[in-house]
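Okay, structure first, notes after.
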Amino acid sequence: MAATSSLSFRDDSQRIVVTGMGAVSSLGHDLPSTWSKLLEGANGIRAIERFDATGFPVTFAAEVNLPHAGPDLKGTLAMRAASEALRQSGLEGGPRVGVFMGSEADRPPLPLVAMRMHQEQKPTPEEMAASAPWAPTLAIARRLGATGFQSTVSTACTSSAQAIGEAMLRIRRGELDAALAGGVDVLVDPLMVTGFAILGALSMRNDAPQHACRPFDVDRDGFVLADGSAMLVIESLAHARARGAQVLGELLGYGCSLNAWRITDAPPDGRGAALAMRAALDDARLPASAIDYINAHGTSTPQNDVSEARALQTVLGDSVTHAWVSSTKSMTGHTVAACGALELLFCLLAVRDDAAPPTRNLDNPDPDCALRHVAHHAVRSPVRVALSNAFGFGGNNASILVGGAP
């Protein structure tokens, strides 16, 4: 729905709107195809093709395999999502345009660089820098000609949500007019599969990959690694109107917090997550009852799903029976540094289309995760305000509220 709560306490130079969106996921190589597959309840999780996973503890993932991607798949995914968002927005670079990215360092070894050095060929600067977390940020800034503030956030699963939040704050303070913000990650490689399996974080359903990711279900046993990228062009409402850009939605509020708990799981009562959600509501000056849909972080791990559910129950209070809740990781897998941005796009599209995507494989909801779940099939229902949650390894939490175009 186009209508949303008024943010009259902010002038147009402080209201943050979205004018471009782009994504690449295991469900589709652009945002429209990803969204349509998501509403259908399609699944991007399948047997690993990128390498021979025979003998590995986990043999499935949510890969993105692009033809002719070259050795720098992460950079290719980021540029593809950024190009889609920029085409839609028509934004041009300049000294008051920034780039904010959530990204993790590539895992060693660097096959291309190692091969060239073994062959006594001098690697190019681009090859040497390809593993750095800031490499996609720099590449996109150069392509766009954005010479304003640039930042790469590397806080695991909250990376891209915090990157977007930081971009919002820079624009609100008048330091920038606009920014390209989002995230990218490529998780499907031997080291990540082995490492996360050793941690006990991954689903082990090698015989049934399509049923492996089941957030909030009593039979959940872990998340599924994924590749992906998602980008947004955001700018002040005043700047968007001045250049005649089409406004697609509005970022209403941003909040973040830290658990100060443990690296791989969250406090059982969800207090850190609740702090982030309340901060986002306070930032937007909205009551919890205003939220119609929540894209939960919902990783499908036993402890963290309960922690998030309890946080939602605490924050929503009596509204817990009003807001629809789903976890789209059940279809896209967990894109870690990109998940905050990807799932924020899904929230913006939920508002646009009055549609809440489903949680796949939610056959037997956990009684400890009592929420108004969207299970199996998308729900068509008015969505004026949506909340996107991203809670990361190490205890970072970020929540962003979105609404329709002003």
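The values are calculated or read from the model by the stated rules, or taken from the named source; none is laboratory data. The model shown is predicted, which means the values in this text are computed figures rather than measured ones. Quick reminder, even Gly has a Cβ in these numbers, built from the backbone with ideal geometry, and neighbours come from all protein chains shown.
Here is a yes/no grid of residues against (1) surrounded by fewer than 16 Cβ atoms within 10 Å (Cβ to Cβ); (2) modelled with pLDDT under 95; (3) more than 30 Å from A178 (Cβ to Cβ):
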residue: N43; (1), (2), (3): no, no, yes
residue: L66; (1), (2), (3): yes, yes, no
residue: A78; (1), (2), (3): no, no, no
residue: E92; (1), (2), (3): yes, no, no
Legend entry - Selection count where residues are part of a loop (DSSP other than H, G, I, E, B) and in contact with an Asp or Glu (Cβ under 7 Å, 6 or more places away or on another chain), scope region 384-403: 1
Inset, instruction - Sort out which residues of region 202-227 are among the aliphatic types (A, V, I, L, M), within 19 Å of G44 (Cα to Cα) and surrounded by fewer than 20 Cβ atoms within 10 Å (Cβ to Cβ), and write them in order of number. - result: M204, A208
Inset, instruction - Give the number of residues within region 136-175 that are assigned to a helix (DSSP H, G or I), over 22 Å from the mean Cα position of the chain (by Cα) and either free of Cβ contacts under 8 Å to residues at least 60 places away in the same chain or under 10 Å from F100 (Cα atoms) (or both). - result: 1
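Residue-wise test of (1) among the aliphatic types (A, V, I, L, M); (2) within 26 Å of L77 (Cα to Cα).
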{"site": "G183", "(1), (2)": "no, yes"}
{"site": "L199", "(1), (2)": "yes, no"}
{"site": "M204", "(1), (2)": "yes, no"}
{"site": "D207", "(1), (2)": "no, no"}
{"site": "C213", "(1), (2)": "no, yes"}
{"site": "F223", "(1), (2)": "no, yes"}
{"site": "D227", "(1), (2)": "no, yes"}
{"site": "R241", "(1), (2)": "no, no"}
{"site": "G249", "(1), (2)": "no, yes"}
Inset, instruction - With respect to T314, determine if the residue is at pLDDT 95 or above, of a type in the set (V, I, T) and touching a Cys at 6+ places or on another chain (Cβ under 9 Å). - result: no
Inset, instruction - Counting only residues that are in contact (Cβ under 8 Å) with a residue 24 or more places away in the chain and surrounded by fewer than 20 Cβ atoms within 10 Å (Cβ to Cβ), give me the helices (runs of 4 or more DSSP H) lying completely in region 274-383 with at least 3 of them. - result: 302-316
